[in-house]
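The values are calculated or read from the model by the stated rules, or taken from the named source; none is laboratory data. Because the structure is a prediction, the values reported are computed rather than measured. No Cβ is skipped: glycine too gets one built from the backbone with ideal geometry, and neighbour counts run over all protein chains shown. In case anyone asks, the SASA skips ligands and DNA or RNA and just uses the protein heavy atoms, side chains included. Shrake-Rupley method; radii C 1.70, N 1.55, O 1.52, S 1.80 Å.
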Amino acid sequence: MTLKLLAGDRPFLPRGVRIIDDRVRGGKVLLAPEKAVALDAIGEAILSRVDGETRFDALIADLAATYDAPAEQITGDVQTFLVGLRARMFLAVHA
Amino acid sequence: MTAPPPIAMLAELTHRCPLACPYCSNPTDLLTRDHELDTETWADVFRQAAEMGVLQLHISGGEPASRPDLVELTQAAAEAGLYTNLITSGVGLTPKRLDALEQVGLDHIQLSLQGTTADLADWIGGYKGGFDRKMKVATEIKNRGIPLTLNAVMHRHNLDDLERTIEMAVDLGARRLEVACVQFHGWAETNRDQLLPTLEQTKEAKRIVSEAENRLRGTMAFDFVPPDYYSDFPKACMGGWGSTGLNVTPDGTVLPCHAAESIPHLKFDNVRDRTLSEIWYKSEAFNAYRGTDWLPDPCQSCDRKEIDFGGCRCQALALVGDASATDPVCHKSPHHQKVVQALEAAMNTPEQDLVYRKLPTVSKQVV
Ligand code: SF4
Ligand code: SF4
């Protein structure tokens, strides 16, 4: 099945997945079952908008406005990132 | 070289376990209860680990639920800021204890699976009734919504049940299934001839996993550890010696990997004598095989040396008699024949009884 997010999907981090400050190395880390993923600035920007309320289209619009980039251009990158997390079950969506 | 801080710690709270799996990764020389660290010492180790940069704590054993203070220990780990993962057979996890663990902030459970039926699972685990208890615990975990990984340990006697294993994992609501083919250390080495899968089983397992992975995308994630005896290249054990993780045994000995004590010339420090940080950065054992400078040929001139770091030290020792040799699983190793011979021997050995793991009856002397 394709795990691409639809415009109205509201992504969230399921139980057992969270973002923390890495006190020793600096930056933010996504902690999930038996996995720690250091987030770069882009990953952090995307996931800070993932709250189970915000729709995927609104999330893209917000990122486009904040970083002054065309929405079409960033959609692909954001999809790739979120689909990767969904395949690992680190991200879920409310339809 | 300067090592990066560790990311993960495996805490083997105890070697005690109601089960007796013949592939248990614990050493054949098991520690009895009187050698175990007390609650306060473990809690201190968890705090030290978090301060050093450890993010993930794997609470394991033996069976960690055999420790009466499991809830307190989990609480101490959670309070230290660690992500807490309980690695368990499920035996000893009553509903009350699950409630308490949830309350103190347990993040995730990894439940082991010995087989898909009571007959098979209880034979492998050497514990009658174990399968039924595990299924009850799995249901309790599911009802609570605690994130669950099922860890199916696979070998010759249960690989043919892989499809059913995958179905079960989905039914139990696991988010992730680890199909972990037995690695031959500890008790598994003793039982190697009986546990090594056939080449056909190995090929079939790869096919089944990759099909299921596609079919179940978005329902369950997979991690597959193939039997490395059939691989061309070795695994990067622990992502490289002393680079990402460390292991603390029940008595506080700190190891670069769970099987490292099998390397006789290395001296391992204990958290009772030195801080975790000193042990990680300065001890002889952790520096012995760090990085790639120590690697022999053919690894030294190989473009995979930053990928697998020459493979597993314990396997090199077990099969070649030299812990600093190229892992003989690698087809470039001058000792690769040892693996070929071991496979041949295993395929030609008639079926025999399994040797179950057991604690020594007389307590080991404290040295
Ligand atoms: S592998 Fe089996 S015997 Fe060893 S700790 Fe796990 S459940 Fe117990
Ligand atoms: S030669 Fe050494 S580095 Fe190269 S693949 Fe084999 S084990 Fe790895």
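Tell me the angle of helix A:56-67 to the major Cα principal axis of chain A, expressed in degrees between 0 and 90 and rounded to the nearest ten.
80
Considering the options B:276, B:340, B:352, tell which one lies farthest towards the positive end of the dipole of the range B:271-357, charges being +1 on Lys and Arg and -1 on Asp and Glu at the Cβ, about the Cα centre.
Result: B:276, furthest along the dipole toward the positive end.
Which number do you get for Rg(Cα) / (2.2 N^0.38 Å) in chain B?
Cα Rg divided by the expected 2.2 N^0.38 Å: 0.96.
What number, in nm² with one decimal, is the all-direction average of the projected area of the convex hull of the alpha-carbon atoms of the protein assembly as shown? The partial results should precede the final answer.
On the way: hull surface 90.1 nm².
Mean shadow area of the hull around the Cα atoms is 22.5 nm².
Divide the volume of the convex hull of the Cα atoms of the range A:10-90 by its number of residues and quote the answer in cubic angstrom per residue.
So the per-residue Cα hull volume is 89 Å³.
Where in chain B are the DSSP H helices whose C-alpha atoms run 15 Å or more along the long axis and whose mean Kyte hydropathy is at least -1.0?
Correct list, ordered by number: B:39-52, B:336-348.
Work out the FRET efficiency for residue B:133 and residue B:213 from their Cβ-Cβ distance, taking R0 = 35 Å, and round it to the nearest 0.05.
My answer for the efficiency is 0.70.
Would you kindly state how much longer the chain becomes between residue B:265 and residue B:164 on full extension, computed as 0.36 nm times their sequence separation minus their alpha carbon distance, in nm to one decimal?
Working: separation 101, 0.36 × 101 = 36.36 nm, distance 4.39 nm.
Length difference between fully extended and current span is 32.0 nm.
May I ask you to give the percent of accessible area on chain A that is carbon plus sulfur, with a probe radius of 1.4 Å?
Whole-percent figure for carbon plus sulfur exposure: 55.
Run the simple label-point estimate for residue A:18 and residue B:306 please: 7 Å along Cα→C-beta, distance reported in nm.
Result for the modelled spin labels: 3.5 nm.
Extending each Cα 7 Å along its Cβ direction at residue B:120 and residue A:65, get the distance between those two points in nm, one decimal.
Going by the 7 Å Cα→Cβ label model, 5.6 nm.
What is the mean number of Cβ atoms from other protein chains located within 10 Å of the Cβ atom of each residue in peptide B:46-54, rounded to a whole number?
Average neighbour count from other chains, rounded to a whole number: 1.
Rounded to the nearest 0.05, what FRET efficiency is calculated for residue B:38 and residue A:75 with R0 set to 41 Å and r the Cβ-Cβ distance? Could the numbers behind the result be given before it?
Working: r = 55 Å, r/R0 = 1.34.
E between residue B:38 and residue A:75, to the nearest 0.05, is 0.15.
Chains B and A: buried accessible surface, both sides, probe 1.4 Å, rounded to 100 Å²?
Summing both chains' loss of accessible area gives about 2200 Å².
Which of the pairs B:203/B:338; B:136/B:358; B:203/B:305 have their Cα atoms more than 23 Å apart in this structure? Mind dumping the intermediate values first?
Values: B:203/B:338 21 Å; B:136/B:358 25 Å; B:203/B:305 26 Å.
Those over the limit are B:136/B:358; B:203/B:305.
Round to the nearest 0.05 the FRET efficiency obtained for residue B:341 and residue B:203 when R0 = 25 Å and r is the Cβ-Cβ distance. List each step's numbers first, then the result.
Working: r = 21 Å, r/R0 = 0.83.
Working from the Cβ atoms, E equals 0.75.
Could you name the lysines whose alpha carbon sits less than 24 Å from that of residue B:142, not counting residues in the same chain fewer than 8 places away?
A:35, B:96, B:128, B:134
Please compute, for peptide A:9-17, the average count of beta-carbon atoms on other protein chains lying within 10 Å of each residue's beta-carbon.
3
Mind checking the mean number of beta-carbon atoms from other chains within 10 Å of the Cβ atoms in A:28-38?
Across A:28-38, the average partner-chain Cβ count within 10 Å equals 6.
When DSSP assigns beta bridges and you keep just the ones with both residues in chain B, what percent turn out antiparallel, to the nearest 5? Walk me through the numbers on the way to the answer.
Values: 3 of 36 bridges.
Within chain B, antiparallel bridges account for around 10 percent of the total.
Could the peptides B:132-143, B:158-169 be put in order, highest first, of the mean number of other beta-carbon atoms found within 10 Å of their residues?
B:158-169, B:132-143
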